[in-house]
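One structure is given here, and the rest of the page talks about it.
Rule-based calculations on the coordinates, nothing more; no lab input. The model shown is predicted, which means the values in this text are computed figures rather than measured ones. Positions of Cβ are backbone-derived with ideal geometry, glycine not excepted, and every protein chain shown enters the neighbour counts.
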């Protein structure tokens, strides 16, 4: 079972590599974290204190999850032995869907590469 530092690395640090499964499941968790406050916001009357609270929570979750999505994509690209800057295509409409599918479907490079010795681990100095 992962400890807190593993989760911090997975969602907030760009070094290392992640597998297809870790990328997909991490992205799914991020999407759920984004969707929950948005769902709660839609359930309360507009203009109330509660709706304001849920909109602020959604904004915070969105900003944090945006970074997490980029970091997951960078590490997935590293597993494919590609530079992390290519993660910027995730912000291009239509192309982002194709890029997501590529990151989910194509296997990573077996064995060590320039971004790390193994998959699902931070790069070692």
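The table that follows gives values for the structure above.
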quantity	calculated
Mean ellipticity per residue at 222 nm, deg cm²/dmol - from DSSP H runs of n ≥ 4 across the chain, formula -39500 (n - 2.57)	-20500 deg cm²/dmol
Cα gyration tensor, the range 4-105 - rounded (a/c under 1.5), prolate or oblate	prolate
Translational D in µm²/s for the range 17-63 (Stokes-Einstein at 37 °C, 0.692 mPa s, Kirkwood Rh from C-alpha pairs)	282 µm²/s
Mean Cα-pair separation over length for the range 4-105, i.e. relative contact order, pairs under 8 Å, 6 or more apart, %	36 percent
Separation between Cα centres of the range 13-41 and the range 52-125, rounded to whole Å	10 Å
Protection proxy ranking of 93-102, 110-119, 8-17 - average other beta-carbon atoms within 10 Å, highest first	8-17, 110-119, 93-102
Using alpha-carbon coordinates, inclination of helix 49-79 to the longest axis of the chain, degrees	10 degrees
Cα Rg, Dmax (largest Cα-Cα span) when computed across the range 69-125, Å	11.4, 37
